[in-house]
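Trainee: The structure's right below; bear with me while I get my questions together.
The values are calculated or read from the model by the stated rules, or taken from the named source; none is laboratory data. Just so it is clear, the structure is predicted and the values come from calculations on it, not from any experiment. Reconstructed Cβ throughout: ideal geometry from the backbone, glycine too, with neighbour counts over all protein chains shown. Note: areas computed on protein heavy atoms with side chains; ligands, DNA, RNA excluded. Shrake-Rupley method; radii C 1.70, N 1.55, O 1.52, S 1.80 Å.
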Amino acid sequence: VSSLAGTIGSDPGAVGNVTIGAGSSWTMTTLLDISSNLGTGILTLDGGSVNVPSVAVSDTGTIQGSGTISGSVTSSGTIRPGEAGTGILSIGGAYTQDLTGSLFVDIAGPNPGTGYDAVNAGGLVTLAGSLTVALANGYDPSGQSFEIVTGSAVVGTFTTATLPPDMTSEYLPDRVVIHGPPGGGCPADLDGDGDADAGDFFLYLDLFVACDPNGACEADLDGDGDADAGDFFAYLDLFVAGCG
């Protein structure tokens, strides 16, 4: 679907819902306006994409689900990556959350997308407003860290943050990280099923091969910026130690 601009729930009292499924896209040449002028609009990304230079989410608007927005997003409303389950909202441009904006994140496992919600922006991330983090499916986050927001740079902080007990937030130059309680957990359990088995080992091998020294490198266990023999043997030690 292509159009000059788009609106969802942007008339007084109007309620609008648009879902973009996997393999589908909505292309606009100017702006997508969600819930301006006292309306209520919800954009759900179910694996689809929105190709537009700019998205404006007003106080009563929501973006939820997993998918891609090619341009920048400015939100005074609600952002829920994943929505039904966990997922990643990918934003090609900047992400700006103002004082009335809210970000909701669920954590149900150690890996972004399949285990926890994340917003990944290609441009500058500017933060204010609220953050709410909740644990799902009885997951134990002890000893784990979760990169819930990434961008080319991060400025500002969430004005308020509601986190599960004993969890903390950390603001780094290009990301926001939520840390689980110290100790406990099972670092070798990469798929979050409570044990260290062949599935975890082969998942680590996939992460090892996919390591990008200039970007995401989840296989970098020693923090030196790459995945090498030291990281492999470090994971092997964790795997042998198991989840006892």
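Trainee: Starting from the Cα of ASP206, step 7 Å along the direction of its Cβ; do the same at ALA14; then give the gap between the two resulting points in nm.
Mentor: Distance between label points: 4.2 nm.
Trainee: Follow-up. With the contact rule set at Cα under 8 Å and sequence spacing of 6 or more, what percent relative contact order holds for the range 86-131?
Mentor: 56
Trainee: Could you look at the range 106-225 and say what percent of its accessible area is carbon and sulfur, using a 1.4 Å probe and all protein chains?
Mentor: Reported share for carbon and sulfur atoms: 54 percent.
Trainee: Take the Cα coordinates of the range 107-231, assign each an equal point scatterer, and use the Debye formula without solvent to give log10 I(q)/I(0) at q = 0.13, 0.18, 0.23 Å⁻¹.
Mentor: Here the Debye-derived log intensity ratios amount to -0.56, -1.07, -1.50.
Trainee: Sticking with this structure for a sec: What is the gain in length, in nm to one decimal, between SER24 and LEU172 on full extension, counting 0.36 nm per residue of separation less the C-alpha to C-alpha distance?
Mentor: Contour length minus Cα-Cα distance gives 49.8 nm.
Trainee: To continue, here is another question. Sequence gap at least 6, Cα distance under 8 Å: using those rules, report the relative contact order of the range 112-244 to the nearest whole percent.
Mentor: 19
Trainee: Right, something else. Taking 0.36 nm per residue of separation and subtracting the Cα-Cα distance, what length does fully extending CYS243 through LEU31 add? Write down the numbers at each step before the final one.
Mentor: Details: separation 212, 0.36 × 212 = 76.32 nm, distance 4.97 nm.
Going from the current span to full extension adds 71.4 nm.
Trainee: Please check: in the Gaussian network model of the chain (C-alpha springs, under 10 Å), which one of ALA94, ALA14, ALA56 has the largest mean-square fluctuation.
Mentor: The residue that fluctuates most here is ALA14.
Trainee: Here's another thing I want to ask about it. With axes computed from alpha carbons, what is the tilt in degrees of helix 198-210 against the longest principal axis of the chain, rounded to the nearest 10 within 0 to 90?
Mentor: Helix 198-210 and the main axis of the chain meet at about 70 degrees.
Trainee: Quick check for you: with a 1.4 Å probe and neighbouring chains kept, what is the accessible area per residue of the chain, in Å²?
Mentor: Result: 44 Å² per residue.
Trainee: Beyond 33 Å, what share of the Cα-Cα pairs of the chain is found? Please give it as a whole percent.
Mentor: Considering the chain, 22 percent of its Cα-Cα pairs are separated by more than 33 Å.
Trainee: Oh, and also: Relative contact order of the chain, please, whole-number percent, based on alpha carbon pairs below 8 angstrom and at least 6 residues apart.
Mentor: Once normalised by length, the contact order is 10 percent.
Trainee: In deg cm²/dmol, rounded to 500, what helix-only [θ] at 222 nm does the chain give when every DSSP H run of at least 4 residues adds -39500 (n - 2.57) and the total is split over its residues?
Mentor: For the chain, the value works out to -3500 deg cm²/dmol.
Trainee: If one takes the longest principal axis of the Cα atoms in the chain, at what angle in degrees, from 0 to 90 and to the nearest 10, does the Cα axis of helix 229-241 lie?
Mentor: Between helix and principal axis, roughly 80 degrees.
Trainee: Could you please put ASP231, ASP237 in sequence from largest to smallest accessible area, using a 1.4 Å probe?
Mentor: Heavy-atom accessible area, descending, gives ASP237, ASP231.
Trainee: Starting from the coordinates of the alpha-carbon atoms of the range 22-84, obtain the Kirkwood hydrodynamic radius over all distinct pairs and give the value in Å to one decimal.
Mentor: 11.5
Trainee: Let me ask something additional. Based solely on C-alpha atoms, express the radius of gyration and the Dmax of the range 29-152 in angstrom.
Mentor: Final numbers for Rg and Dmax: 13.8, 45 Å.
Trainee: Grab the beta carbon distance between ASN51 and ASP195, set R0 = 45 Å, and tell me the FRET efficiency rounded to 0.05.
Mentor: Using R0 = 45 Å, I get an efficiency of 0.60.
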